[in-house]
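Quick notes on the structure that follows.
The values are calculated or read from the model by the stated rules, or taken from the named source; none is laboratory data. The structure presented is a predicted model; accordingly, all values stated were derived computationally and were not measured. Because the Cβ atoms are built from the backbone with ideal geometry, glycine has one as well, and the counts that use them run over all protein chains shown.
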Amino acid sequence: MSSRSEVALRLATSADAAALVNVFSTAIADQAPNFYTAAQCEAWAAALTSERAVELVSDHTTYVAAIDGTDEVVGFATFVAPDEFDMLYVYPDYVMQGIGTRLAALIEQHAQNLGVHELRAAVSDCARLAFESFGFRHERPHTTTVGDQSFSVTLMSKALG
Ligand SMILES: CC(C)(COP(=O)(O)OP(=O)(O)OC[C@H]1O[C@@H](n2cnc3c(N)ncnc32)[C@H](O)[C@@H]1OP(=O)(O)O)[C@@H](O)C(=O)NCCC(=O)NCCS
């Protein structure tokens with residue numbers, strides 16, 4: 001994939017499910033080893049199955065970032081009602097180009113349109129700086145379980161105007 005193409009955001013469809021799994025597992029394999037053990041990374045990367053990816057699209061609100069004019073997905077974000085910013089993943093070749101920020105802004109806009117006053121997220125150590133830059137503040141440390149692994153994450157929130 002070229003990292004120089006224009007990227008456009010749109011709502012995900014069920015046809016994007018396989019791409020979501022690929023972005024999810026590749027982003028974790030790239031970023032998580034700096035923060036979590038090999039066993040934790042493995043459990044986390046395996047957590048998004050094709051079935052769950054279809055649910056992200058059908059049962060929740062998921063936006064994708066795709067190379068303009070193509071179906072090549074390079075990032076995605078999911079909102080889970082009533083107030084959770086649940087997922088944010090960007091393909092390694094495309095990080096640090098503002099795509100996460102653009103996806104986060106869409107999630108915020110969607111939540112705001114639903115009348116959400118405070119958006120919440122359980123944020124991995126890999127993404128804490130990014131969420132801080134989106135204006136989220138730390139609530140408290142938290143331990144979450146994925147597969148047979150425990151993870152320290154940070155519960156964060158952002159008041160919406
Ligand atoms: C977190 C993630 C989605 C950020 O996506 P991105 O497209 O690189 O984000 P942006 O380019 O919009 O950057 C957002 C901000 O975070 C900062 N940032 C992003 N990744 C960073 C990193 N690894 N180290 C330091 N700062 C980082 C950027 O500098 C930017 O800050 P700024 O606006 O003050 O300059 C991406 O790194 C990722 O997929 N990580 C692995 C998966 C993950 O942990 N997801 C979250 C689960 S809770």
query: When you look at Ala122, is it within 12 Å of the ligand (Cβ to nearest atom), of a type in the set (A, V, I, L, M) and within 27 Å of Ala39 (Cα to Cα), yes or no?
result: yes
task: Show the residue pairs that are 6+ apart or on different chains and have beta-carbon atoms under 7 Å apart, the first residue being within segment 87-99 and under 14 Å from Asn22 (Cα atoms), the second being near the ligand (Cβ under 6 Å from one of its atoms) and in a helix (DSSP H, G or I).
output: Leu88/Gly100; Leu88/Ala127; Tyr89/Ala27; Val90/Ala27; Val90/Ile99; Val90/Gly100; Tyr91/Ala27; Pro92/Ala27
Answer from Ala111, Ala43, Ala38 - the residue that is over 19 Å from Leu20 (Cβ atoms), touching a strand residue (DSSP E or B) at 6+ places or on another chain (Cβ under 8 Å), among the small types (Gly, Ala, Ser) and away from the ligand (no atom under 11 Å from the Cβ): Ala111
field: Single match in Ala121, Ala127 (criterion: surrounded by 13 or more Cβ atoms within 10 Å (Cβ to Cβ), out of contact with any Gly (no Cβ under 6 Å at 6 or more places or on another chain) and not in a strand (DSSP E or B))
entry: Ala127
task: Any residue in segment 133-144 that's under 16 Å from Ala105 (Cα atoms) and among the small types (Gly, Ala, Ser): show its pairings with residues that are at pLDDT 95 or above and assigned to a strand (DSSP E or B) at Cβ separation under 6 Å, as long as the two are six or more apart or on different chains.
output: Gly135/Lys158
query: For segment 125-161, which residues satisfy the criterion of being under 22 Å from Thr49 (Cβ atoms), within 14 Å of the ligand (Cβ to nearest atom) and in contact with a helix residue (DSSP H, G or I) (Cβ under 9 Å, 6 or more places away or on another chain)?
result: Cys126, Ala127, Val146, Phe151, Val153
query: Can you find even one residue in segment 58-78 that is within 9 Å of the ligand (Cβ to nearest atom) and aromatic (Phe, Trp, Tyr)?
result: no
